[in-house]
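Undergrad: Take this structure first; my questions come after.
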Amino acid sequence: MPRLQILQHKSYHPYLESNKQRVRDDEAKAAALEAEEERTALSENSTTRLEHLRNPTRIAAPSTTFREAGTDASALLAAHRSEKIKAERREEKKRLEYDWPRNEEKRRKRERDSQADSSSRQSERKQNSTTASGHINFWEGMEKVSHALAISFATDVIPDLTLF
């Protein structure tokens with residue numbers, strides 16, 4: 001028996017136009033409330049600073065009245081928003097720079113790694129024994145152990161296997 005497809009009849013279905021409109025309205029209210037809170041916080045901050053500049057000896061209490069021209073307040077609000085956007089962009093740039101470093105930093109890291117690799121290769125070359133003809137003997141350690149075992153069997157002494 002097939003399952004009933006009744007989701008479109010439910011009031012909580014996310015793709016119903018009424019629910020979409022409700023979400024849009026809620027987002028608009030939240031944006032307006034946030035803008036109003038930002039505007040009031042900015043105006044309170046500016047009045048406090050103004051009172052402090054007028055009388056720097058006493059600590060000014062925040063005032064609830066704001067009697068500046070509307071253009072000045074909107075200019076302050078626009079400046080505050082632009083500073084906020086710039087700060088967010090700087091933080092985003094720092095995060096991206098941390099996640100994906102620039103090509104210059106990658107190049108420096110590659111150079112450091114290549115220098116470290118070349119120095120380790122040179123030290124390995126010095127440690128590896130070479131034959132008289134210049135070939136590297138990869139089995140030198142095994143040969144030393146087998147030679148030590150052969151000597152120990154001849155002299156009945158326990159070999160030191162830590163040579164390898």
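FYI, it's all coordinate maths here, none of it is from the lab. What you see is a predicted model; the values in this text were computed from it and never measured.
Undergrad: Apply the Karplus curve 6.51 cos²θ - 1.76 cosθ + 1.60, θ = phi - 60°, to the phi angles in the range 38-51 and return the couplings in whole Hz, x for Gly and Pro.
TA: Rounded to whole hertz, the list is 5, 5, 5, 5, 5, 5, 5, 5, 5, 5, 5, 5, 5, 5.
Undergrad: Explain nothing, just compute: Karplus ³J(HN,Hα) = 6.51 cos²θ - 1.76 cosθ + 1.60, θ = phi - 60°, for every residue of the range 10-22 in order, whole Hz, x for Gly and Pro.
TA: Listing the rounded values in order: 7, 6, 9, 5, x, 9, 5, 5, 5, 5, 4, 5, 4 Hz.
Undergrad: Need the list of lysines near K144 for cross-linking: C-alpha distance under 29 angstrom, and skip anything on the same chain fewer than eight residues off.
TA: Candidates past the 8-residue exclusion: K126.
Undergrad: Which lysines does K84 reach when only Cα atoms under 26 Å apart count, and residues fewer than 8 places away in its own chain are ignored?
TA: Straight-distance partners of K84: K29, K93, K94.
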